[in-house]
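Scroll down for the structure; my scribbles are underneath it.
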Amino acid sequence: MKTITVDGVEYVERPSKGPRAVVVIDKGWIYAGDLTEENGRIYLDRAVWVFSWREVGFDGVIDNPMQDNVTLKQMKRRIDIPAASEVYRVPVEDNWGLA
């Protein structure tokens with residue numbers, strides 16, 4: 001594990017949970033998060049729910065999730081999705097959708 005000490009305080013590198021992606025699942029639900037896959041499940045950490053958008057297409061949401069006409073809701077828990085429910089995913093930047 002990598003550490004760095006700054007002014008006597010030791011910081012430890014947070015292990016990566018996986019690449020960040022927007023995941024569209026059946027019934028129209030859309031979430032984004034740090035994606036890992038295990039045992040037929042998709043897990044999203046640091047997740048946000050793409051709740052709604054207006055006056056832009058889905059590509060506009062992907063390009064700029066922090067614009068005023070996009071509503072994202074921070075999720076307090078890990079999202080657990082059956083892999084068979086995934087319609088598609090879009091890889092995004094590491095902090096996509098996080099304030």
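The values are calculated or read from the model by the stated rules, or taken from the named source; none is laboratory data. None of the values given here were measured: they were computed from a predicted structure. Neighbour counts are summed over all protein chains in view; Cβ atoms, including those assigned to glycine, are modelled from backbone coordinates with ideal geometry.
For segment 69-99, filtering for residues that are under 22 Å from V56 (Cβ atoms) and of a type outside the set (A, V, I, L, M) leaves 11.
Counting the residues of segment 32-46 that are closer than 12 Å to G18 by Cβ and under 8 Å from the mean Cα position of the chain (by Cα) gives 6. Can you say whether T71 is surrounded by 12 or more Cβ atoms within 10 Å (Cβ to Cβ) and either acidic (D, E) or touching a strand residue (DSSP E or B) at 6+ places or on another chain (Cβ under 7 Å) (or both), as far as the supplied structure shows? Yes: the conditions hold for T71.
Listed here are the residues, each with its yes/no results for (1) of a type in the set (F, W, Y); (2) on the phi > 0 side of the Ramachandran plot; (3) at pLDDT 95 or above.
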position	(1), (2), (3)
P19	no, no, no
V23	no, no, yes
W29	yes, no, yes
E38	no, no, no
R41	no, no, yes
R46	no, yes, yes
F51	yes, no, yes
V61	no, no, yes
N64	no, no, yes
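Counting only strands (runs of 3 or more DSSP E) wholly contained in the chain, the ones carrying 1 or more residues that are free of Cβ contacts under 8 Å to residues at least 40 places away in the same chain occupy 3-6, 9-12, 30-38, 41-53, 70-74, 79-82.
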